[in-house]
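S.K.: Before I ask anything, let me first share the structure, which is written out below as structure tokens.
The values are calculated or read from the model by the stated rules, or taken from the named source; none is laboratory data. Bear in mind the structure is a predicted one, so any value in this text is a computation, not a measurement. Here Cβ is always computed from backbone atoms with ideal geometry, including for glycine, and neighbour counts include all displayed protein chains.
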């Protein structure tokens with residue numbers, strides 16, 4: 001039986017999609033609260049900066065960014081194929097390279113905190 005590389009791509013895609021599905025509504029609710037002027041104590045700048053300055057929080061932020069970008073990249077790759085763009089390898093290289101570049105940018109930014 002031939003070995004497949006699909007689990008390498010599908011694993012982070014599924015994890016990123018699930019994580020994004022759970023986080024997006026919560027972030028929308030928190031953004032709405034901030035827009036209405038009701039900022040919870042945990043969302044103040046000082047609290048968020050203190051949270052993000054811990055090494056474990058930095059790692060969690062980078063993992064969340066990576067999984068979300070990878071999920072989006074994979075979804076774009078499949079959408080391009082469904083729309084008739086059959087050059088799968090160049091599309092895959094571009095979308096996954098952008099996801100990795102975004103992850104690298106988040107690492108650089110998080111390390112500055």
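S.K.: So residue 26 ticks every box in (1) over 23 Å from residue 105 (Cβ atoms); (2) in contact with a helix residue (DSSP H, G or I) (Cβ under 9 Å, 6 or more places away or on another chain); (3) loosely packed, with under 14 Cβ neighbours inside 10 Å but one. Which box is left unticked?
M.R.: It fails just one condition, (2).
S.K.: Please enumerate the residues belonging to the stretch 101-113 that are free of Cβ contacts under 8 Å to residues at least 24 places away in the same chain and either at positive phi or part of a helix (DSSP H, G or I) (or both).
M.R.: Keep residues of the stretch 101-113 that are free of Cβ contacts under 8 Å to residues at least 24 places away in the same chain, which gives 101, 104-105, 108-109, 112.
Selection gives 101, 104, 105, 108, 109.
S.K.: Which one of 100, 85 is surrounded by fewer than 17 Cβ atoms within 10 Å (Cβ to Cβ) and more than 16 Å from residue 12 (Cα to Cα)?
M.R.: 85
S.K.: Considering each of 48, 76, 33 in turn, give the residue that is touching a helix residue (DSSP H, G or I) at 6+ places or on another chain (Cβ under 7 Å), under 30 Å from residue 112 (Cβ atoms) and either modelled with pLDDT of 80 or more or in a helix (DSSP H, G or I) (or both). Walk me through how you get there before you give the answer.
M.R.: Values: 48 fails: touching a helix residue (DSSP H, G or I) at 6+ places or on another chain (Cβ under 7 Å); 33 fails: touching a helix residue (DSSP H, G or I) at 6+ places or on another chain (Cβ under 7 Å).
Step by step, each of 48, 76, 33 is checked, and only 76 is touching a helix residue (DSSP H, G or I) at 6+ places or on another chain (Cβ under 7 Å), under 30 Å from residue 112 (Cβ atoms) and either modelled with pLDDT of 80 or more or in a helix (DSSP H, G or I) (or both).
S.K.: Now, a different point. Just a yes or no: is a residue in the stretch 79-90 under 19 Å from the mean Cα position of the chain (by Cα) and either assigned to a helix (DSSP H, G or I) or farther than 24 Å from residue 17 by Cβ (or both)?
M.R.: Among the residues of the stretch 79-90, at least one is under 19 Å from the mean Cα position of the chain (by Cα) and either assigned to a helix (DSSP H, G or I) or farther than 24 Å from residue 17 by Cβ (or both), which makes the answer yes.
S.K.: So how many residues does the stretch 51-64 have that are crowded, with 17+ Cβ neighbours inside 10 Å and at pLDDT 90 or above?
M.R.: Final tally of qualifying residues: 2.
S.K.: I've got another one for you. Confirm whether residue 40 is modelled with pLDDT of 90 or more and either out of contact with any strand residue (DSSP E or B) (no Cβ under 9 Å at 6 or more places or on another chain) or farther than 26 Å from residue 26 by Cβ (or both).
M.R.: In short, no.
S.K.: Answer with yes or no whether residue 13 is at pLDDT 85 or above and in contact with a helix residue (DSSP H, G or I) (Cβ under 7 Å, 6 or more places away or on another chain).
M.R.: In short, no.
S.K.: Among the residues of the stretch 36-45, which ones are loosely packed, with under 11 Cβ neighbours inside 10 Å and part of a helix (DSSP H, G or I)?
M.R.: 41, 42, 45
S.K.: If you scan the stretch 103-113, which residues turn out to be at pLDDT below 95 and surrounded by fewer than 17 Cβ atoms within 10 Å (Cβ to Cβ)?
M.R.: Answer for the stretch 103-113, where residues must be at pLDDT below 95 and surrounded by fewer than 17 Cβ atoms within 10 Å (Cβ to Cβ): 109, 111, 112, 113.
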